[in-house]
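The next block holds one structure in the form of structure tokens; read it before the comments.
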Amino acid sequence: MPFAPTKPNISTYIFCRRTNRPKKVDKQTKLMNLKNQYLQTGTLYLTLLIAGTPAATAATLQSADVVVLIDESNSMSGEQRWIGNMIPQLDAILQSQGLTGQRFGLVGFGSGRPDLLGRSVPVGGANFGTSAEFASATNNLLVSGKFEDGYSAIDFALNNYTFREDAAVSFILVTDEDRDNGNFGLNFTNILAGLKRGTENTEDDILLNAIVNANFVNNAIGVNSEANAYIADGRGGYTTTQLPSLNGIVTSSFENTKPDYVDLALANGGAAWNLNQLRTGGLTTTSFTKAFIDANVRDIQQQQAPETKLPPVYNLRFTDIKAVEDDPEGDKFQLAFEVLNWSDKPAAGVRIALNEGTDFFPIIEERSSFAGAGIDFNGRPNGPDAEPLPGNLLLANSSRVVESTDTAIQWDASQFDFNTSVNGPIPNRDLLGAGPNNTPDACALVPGCQVIGHSNPFFGRPDIPDLETVDDGNNVLDGFVITVDDFNEGEVISFNWNLLDVNGNPIGTPDSGNEYGFGIANILRTPIGEDPDADFQIFEQNTGADTSKRLFAEDSYRVTEYSPVSYDTTLARAFSARNTVATRTINSRGGDEPIALFAAEIGTGITGAFLNPADNIFNSSINAKLLPKPTPPVEPEPVPEPSTMAMIGMTAIALLGYKRHG
């Protein structure tokens, strides 16, 4: 096969209830600009498709303890009826998602009774009961008071209700006035600490949703601690939008409602909701109920979710390797690789530079080095009859070489998409942007990825059954070609790699940026007939070389063809020079027998000491520590062969001894 030029989620955040961080939902929900700065929005299709059982550890949280703390003053009868109807709906959806055995408690406060600071309203004869028992218990709420202290009600619940260790815990505070201080020992700070249960672990926090007399920007139904606003759509549904910040979100409130309750809920990591929208009635109340339930279900599901497990993607992968024809030493090769951009920025450049790992193993005659660079427009496999890798998009590599020396190569990277006729940088899919505790969204960015191991994907692990699917997205560009020379069996080439942004700056380094924007690639030439050493390591962060599909496309580690194309042109940095490209008209030659074998390891987030310090053009710090170099085994001193005369003498002595013995 010839070596020639060939192949030129949108997300809306729902607040993660215990981690105080956003959770992305299906990216089809992030929408368009509307009229003012607060409305970068779109319809939220939160249909609660996430099934399973959340856990206090990754496998134990299977239920929820929900306590409603509701004002019993004269004006609250409508909200009391609403809460009695809403809780069974919340419970039904939680059960449909695999959370069973919910317990619901009811605390009344603000009545005209002596226990106006907080009282337990029995649910099924106890502090906790089922959602149906809760609905019945709301009939025993009072509407007789006018002194309402929500802090005392929270304090009462914290001290009189016992919560299960394997359950999510949520408080819902409902009141139409600010706090009337009935206990001067309680304040914002100690109530917030109580909700945090006195621990530094935010996964233990009790979520507070406050339905209060406060109006928000854009007439929002509610706002959570990540400045995500819920807005009625006029049809009984709602949209969601990311506000610029939490500053100025309250347009008006009843007296001190904002500092008393809105700020408390947001500081706790929960949400504040507009009671006036609930009271509007009709479709607006329907929208309020849907948004409130959806947000609470998702928050409860995500409580104590484990850290995001990132899919096993690759950033660089070798797609073709050919031996250079007519090389007398037989140690010169052309390696084509593809780049996958999992960082947070489009990649408009690719730079590689040899590091000290290249000298890790003993050098045979001369050190391995770069001997040229080029572009193969169509990518793997190299040559005029190239066909894209199965499943790959129809993309062309329109990059150009801007530097090529024996220790460093740099390309201005450009991808032409035949489907859109757009030529530009390599698009990115931001894996780290999925955020913490959000394995499903990270997995959704990777073609072929699925979450397995748990009925709730937030607690599962990502799996890619066929690693060939990883590069089927638009964040891929194949066809970067390097020539390496003096690459003998048992030697290694180790290089630092960087993706560059549209301004020519590194997307990541050990000092800053995105760790998917840089790393180290080690490629080892292994003796034919021997398996690569799985324990092969150069840097402490390495785990071992292999020949898997994460490293080599379609068994390209096994070299069976020669290429007649020369990529030996070297370019001074910043030259505007014509690319060295393969010749379309000359086919490679070869057979089925291997000419050479390779193994590799490619990692992210590390940089080794540059072999040529001048190649460190970004003044990157070094965070990859070289392992102690292997010491060659000591060959035993050869025993000199005895001379002929010595052999005669020894034979004579032996015979003499034999005769004496006889």
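The values are calculated or read from the model by the stated rules, or taken from the named source; none is laboratory data. Here the structure is a predicted model, which is why all the values come from computation and not from measurement. Reconstructed Cβ throughout: ideal geometry from the backbone, glycine too, with neighbour counts over all protein chains shown. Ligands, DNA and RNA are stripped out before the accessible areas are found, and what is left, the full protein with its side chains, is counted by its heavy atoms. Shrake-Rupley method; radii C 1.70, N 1.55, O 1.52, S 1.80 Å.
Key figures for this structure:
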quantity: Estimated dipole of the range 151-304 in Debye, rounded to 20 [Cβ of Lys and Arg +1, of Asp and Glu -1, Cα centre]; calculated: 400 debye
quantity: Per residue, in Å², the accessible surface of the range 464-531 once ligands and nucleic acids are set aside, probe 1.4 Å; calculated: 28 Å²
quantity: Segments 481-490, 269-278 sorted - mean Cβ within 10 Å per residue, highest first; calculated: 269-278, 481-490
quantity: Relative contact order of the range 60-160, pairs being alpha-carbon contacts under 8 Å that are 6 or more residues apart, as %; calculated: 35 percent
quantity: Where the Cα pairs of the range 108-148 fall when distances are cut into 5 Å bins, in %; calculated: 6, 26, 28, 18, 17, 5
quantity: Rounded if a/c under 1.5, otherwise prolate or oblate - the range 109-218, Cα gyration tensor axes; calculated: rounded
quantity: Sulfur and carbon atoms: percent of accessible area, the range 90-191 [1.4 Å]; calculated: 50 percent
quantity: Whether the range 167-316 is rounded, prolate or oblate, judged on the alpha carbon gyration tensor where a/c under 1.5 counts as rounded; calculated: oblate
quantity: Sequence ranges 254-266, 314-326, ranked by mean other-Cβ count within 10 angstrom, highest first; calculated: 314-326, 254-266
quantity: Highest-first arrangement of 416-428, 545-557, 393-405, where packing means the average Cβ count within 10 Å; calculated: 393-405, 545-557, 416-428
quantity: Accessible surface, 1.4 Å probe, highest first, among residues Phe147, Phe361; calculated: Phe147, Phe361
quantity: Cα gyration tensor, the range 293-438 - rounded (a/c under 1.5), prolate or oblate; calculated: prolate
quantity: Theoretical FRET efficiency, 1/(1+(r/R0)^6), r = Cβ-Cβ of Arg164 and Ala132, R0 25 Å, to 0.05; calculated: 0.80
quantity: nm² value of the averaged projected area, convex hull over the Cα atoms of the range 387-458; calculated: 8.1 nm²
quantity: FRET efficiency estimate (nearest 0.05) - Cβ-Cβ, Phe147 to Asn505, R0 60 angstrom; calculated: 0.50
quantity: Extended-chain gain in nm, criterion 0.36 nm per residue less alpha-carbon gap, Asn187 and Asp463; calculated: 94.6 nm
